[in-house]
Amino acid sequence: MSDATVLDEADSGVAILTLNRPDKLNAFNESMHARLIELIDNAEADREINAVILTGAGRAFSAGQDLGDRVMGDGGPPDLGDTLDRLYNPLVRRIRSSDLIFIAVVNGIAAGAAANLALACDLVLAGRSASFIQAFAKIGLMPDSGGTWLLPRLVGETRAKALALLAPRVDAAQACEWGLVWAVHDDEALLTEAKKTAQSVARGAARANANIKRSIQAAADNTLDEQLDLERDCQRDLGRTEDYAEGVAAFLEKRPAQFKGR
Ligand code: LHQ
């Protein structure tokens, strides 16, 4: 029987991966991790796919780690470092290092590690009733899955510390105002709008998109000089692509460009 912990479909260059344990608010267990990595592998191997939507079934995006799962310890104290090493950290690294553009479509609550997985994506879209909670402190933990790195960069140290220490539920409007989210849509329209956004990304020049992603991420650790050099190198490569030639030709001929990812 196939693993239904994550559903997948593909539409116009976009893979749509839906976390699917709605009775547990799509909390992550080991099978869900394994299936998600497998589906990301498939999306990367598929030359038609340029963008990945990550969303949740039912009323949540995901409640983070399944607190009833055995990795949380079945007797003695668990090795949560091992859980991060084996499951969450590879997933965050995968999202950040992939040439595909990841779009988190946060359809309800995103709690704990799941909030940070959403924030690690390249674009974050939210439904009006969605919310984010760094739930860790409530169970005696600290943010993981990149949270302590992402949050201060996204919202500044003051808000990052308050989000981690007080674990408030941040609604979509607030998350958007603080720059955690790119756009908020009515709940009923969220997936349709997200598909439009994802398809627009997928129609773009894939190599330019991958370079944009990589360069903006690199900026967090680079000096201006290093970043100027990186931009020069990337732009030199992009200037030699068929997509650049097509983009300029399409502009001059006043028609939409047809990019091929070459
Ligand atoms: C759940 C969960 C859940 C299992 C709701 N697990 N069943 C940790 C350790 C190891 C290494 C890696 O890193 C991590 C990272 C983490 O992610 S730690 C943070 C884990 N997540 C949380 O602490 C959030 C726990 N959940 C909640 O606080 C609430 O459920 C939220 C605020 C998400 C939603 O509240 P409600 O809308 O009131 O829903 P609910 O609490 O009634 O939940 C509905 C069902 O889902 C319920 O099951 P039941 O059988 O009673 O209907 C919950 O038990 C289940 N569920 N979260 N993480």
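Only the coordinates and a few stated rules stand behind these numbers; no lab work does. Note that the structure is predicted; figures quoted are calculated from it, not measured. Virtual Cβ from ideal backbone geometry, glycine too; neighbours counted across all protein chains shown.
Using a cut-off of 10 Å between beta-carbons, work out the net charge of the residues near ALA60 (Lys and Arg +1, Asp and Glu -1, ALA60 not included).
+3
Please report, for the Cα atoms of the stretch 1-108, the Rg to one decimal and the Dmax as a whole number; what are they, in angstrom?
So, for the stretch 1-108, Rg and Dmax equal 14.2, 48 Å respectively.
Using alpha-carbon positions, what is the distance between the centroids of the stretch 1-62 and the stretch 120-143, in Å?
18 Å
Ratio to report: Rg/Rh of the chain, with Cα atoms as the point set and Rh obtained by the Kirkwood method; give two decimals.
0.99
Which whole-number percentage describes the relative contact order of the stretch 1-85, with Cα contacts under 8 Å and a sequence gap of 6 or more?
32 percent
Using alpha carbons only, how many degrees (0 to 90, rounded to 10) separate the axis of helix 242-252 from the longest principal axis of the chain?
Approximately 60 degrees, to the nearest 10.
When a/c is below 1.5 the answer is rounded, else prolate if a/b is larger than b/c, else oblate, so apply that to the stretch 60-114 with a ≥ b ≥ c taken from the square roots of the Cα gyration tensor eigenvalues.
oblate
When the chain is modelled as a GNM with alpha-carbon springs shorter than 10 Å, which of LEU230, LEU117, LEU39 fluctuates the most?
Its mean-square fluctuation being the largest, the pick is LEU230.
Relative contact order of the chain, please, whole-number percent, based on alpha carbon pairs below 8 angstrom and at least 6 residues apart.
This gives 16 percent for the chain.
Does anyone have the angle between helix 224-239 and the longest principal axis of the chain? Alpha-carbon axes, 0 to 90°, nearest 10?
Value to nearest ten degrees: 60.
Please list, in chain and number order, the residues 5+ apart from GLN65 or on another chain whose amide H is under 5 Å from its amide H, with Hs placed from the backbone.
Here PHE28, ALA113, ALA114 satisfy the definition.
Give me the percent relative contact order of the stretch 218-262, please, defined on Cα pairs under 8 angstrom at least 6 residues apart.
Computed over the stretch 218-262, the figure is 27 percent.
So what is the calculated 222 nm ellipticity per residue for the chain, using -39500 (n - 2.57) for each DSSP H run with n of 4 or more, over all residues, to the nearest 500 deg cm²/dmol? Write down the numbers at each step before the final one.
On the way: 11 runs with 117 residues, N = 262.
For the chain, the value works out to -13500 deg cm²/dmol.
Would you kindly derive the ³J(HN,Hα) couplings of the stretch 127-142 from the backbone phi angles with the Karplus curve 6.51 cos²θ - 1.76 cosθ + 1.60 (θ = phi - 60°), listing them in order in whole Hz, with x for Gly and Pro?
Ordered by residue, 3J(HN,Hα) equals x, 4, 9, 6, 8, 10, 9, 7, 6, 3, 4, 5, 10, x, 10, 10 Hz.
About its Cα centre, how strong a charge dipole does the chain have in debye, to the nearest 20, once Lys and Arg get +1 and Asp and Glu get -1 at the Cβ?
So the dipole magnitude of the chain works out to roughly 460 debye.
With N set to the number of residues, divide the alpha-carbon radius of gyration of the stretch 153-262 by 2.2 N^0.38 Å and report two decimals.
Numbers: Rg = 18.7 Å, N = 110, 2.2 N^0.38 = 13.1 Å.
Rounded to two decimals, the normalised Rg is 1.42.
Starting at the first residue of the stretch 182-198, write each ³J(HN,Hα) from the Karplus equation 6.51 cos²θ - 1.76 cosθ + 1.60 with θ = phi - 60°, in whole Hz, x for Gly and Pro.
My calculation for the stretch 182-198 gives 7, 8, 10, 10, 4, 3, 5, 9, 4, 5, 4, 5, 5, 5, 4, 4, 5 Hz in order.
Any chance you could give the angle, 0 to 90 degrees and rounded to 10, that helix 157-166 forms with the longest Cα principal axis of the chain?
Result, in degrees: 30.
Cut-off under 23 Å on the C-alpha distance; same-chain residues fewer than 8 positions from LYS24 excluded. Which lysines are left, in chain and number order?
Counting by Cα, and skipping residues close in sequence, LYS24 has these lysines nearby: LYS138.
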